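So the structure is just underneath, and the comments pick up after that.
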Amino acid sequence: MNPSQATHSVQVWDPFVRVFHWSLVACVILNYFVVEDGEALHQWLGYIATALVCARIVWGFIGTQHARFADFFPTPKRLASHLRQIVSGKPDFHPGHNPVGALMMLALITLVLGLGLTGFLQSTDTFWGVEWMQELHEVLASTLIALAGLHALAAIVMSRVERTNLVAAMITGVKIRKPAQQNT
């Protein structure tokens, strides 16, 4: 068997990253689609989501190799190289986040932090009932849902492109890259 036909497996997502990811998904889905705005549960889910993101940021500096920001920070050079590889039809394998995925991850956690801040500010005397703050919170929430949907779609598409089940990897912690199909 030639090396290009070998299955490549790597332990990538530690338990903290996986629990963080699915807990944040639950908080966001519940808050946007199930719980009424302004209810105490909505606020608590927002605080939990914000705390999860804060913990993930800390883990991005002290966590396991592929959880660290230094492992995947999406520099312009990394982004350009990754996109060139995809366009060429030879996507590069990234054990952790690929540069575009990293950019999405940073955008999503920034939106959650923005939602936490605007949600909290609405509970203060200064911003209670202030329409522009409510509208900003709603725009951030809608943007988060749109990007989360794009993130999920990209995970499915990139799973096919990279021959790696990215959703399963976020459940098991292991990325398994299947060999390329050989034309005979």
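The values are calculated or read from the model by the stated rules, or taken from the named source; none is laboratory data. Everything quoted here is computed from the prediction, not taken from an experiment. Quick reminder, even Gly has a Cβ in these numbers, built from the backbone with ideal geometry, and neighbours come from all protein chains shown.
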Determine whether the range 124-132 contains at least one residue that is small (Gly, Ala, Ser), over 17 Å from Trp13 (Cα atoms) and modelled with pLDDT under 95. yes
Scanning the range 28-38 residue by residue, the ones that are assigned to a helix (DSSP H, G or I) and not β-branched (Val, Ile, Thr) total 4
Every listed condition ((1) within 16 Å of the chain's Cα centre (by Cα); (2) exposed (fewer than 13 other Cβ atoms within 10 Å of the Cβ); (3) not in a helix (DSSP H, G or I)) holds for Thr124 save (1)
Residues of the range 82-115 being touching an Asp or Glu at 6+ places or on another chain (Cβ under 7 Å) and either surrounded by 16 or more Cβ atoms within 10 Å (Cβ to Cβ) or free of Cβ contacts under 8 Å to residues at least 40 places away in the same chain (or both), in sequence order, are His82, Gln85, Pro91, Gly96
Test Gly46 against the stated conditions and say whether it is surrounded by 15 or more Cβ atoms within 10 Å (Cβ to Cβ), within 19 Å of the chain's Cα centre (by Cα) and closer than 30 Å to His137 by Cα. yes
Residue pairs qualifying under the 6 Å Cβ cut-off, at least six apart or on distinct chains, with the first in the range 39-55 being part of a helix (DSSP H, G or I) and the second being at pLDDT 95 or above and surrounded by fewer than 17 Cβ atoms within 10 Å (Cβ to Cβ), are Leu45/Leu30; Leu52/Ser23; Val53/Leu113
Scanning the range 137-184 residue by residue, those modelled with pLDDT of 90 or more and on the phi > 0 side of the Ramachandran plot turn out to be Gly173
Expected single match for small (Gly, Ala, Ser) and either part of a loop (DSSP other than H, G, I, E, B) or touching a Leu at 6+ places or on another chain (Cβ under 7 Å) (or both) among Ser81, Ser23, Ser9 is Ser23
Examine the range 61-81 for a residue that is over 28 Å from Arg163 (Cα atoms) and surrounded by fewer than 18 Cβ atoms within 10 Å (Cβ to Cβ), and state whether such a residue exists.
yes
Picked from the range 156-171 (must be in contact (Cβ under 8 Å) with a residue 24 or more places away in the chain and part of a helix (DSSP H, G or I)), the residue surrounded by the most Cβ atoms within 10 Å (Cβ to Cβ) is Ala169
- Message: Condition check: of a type outside the set (Phe, Trp, Tyr), in contact (Cβ under 8 Å) with a residue 12 or more places away in the chain and surrounded by fewer than 17 Cβ atoms within 10 Å (Cβ to Cβ). Does Leu144 satisfy that?
- Response: no
Kindly indicate whether any position in the range 176-184 is part of a helix (DSSP H, G or I), free of Cβ contacts under 8 Å to residues at least 24 places away in the same chain and either under 26 Å from Asn98 (Cα atoms) or not polar (S, T, N, Q) (or both). no
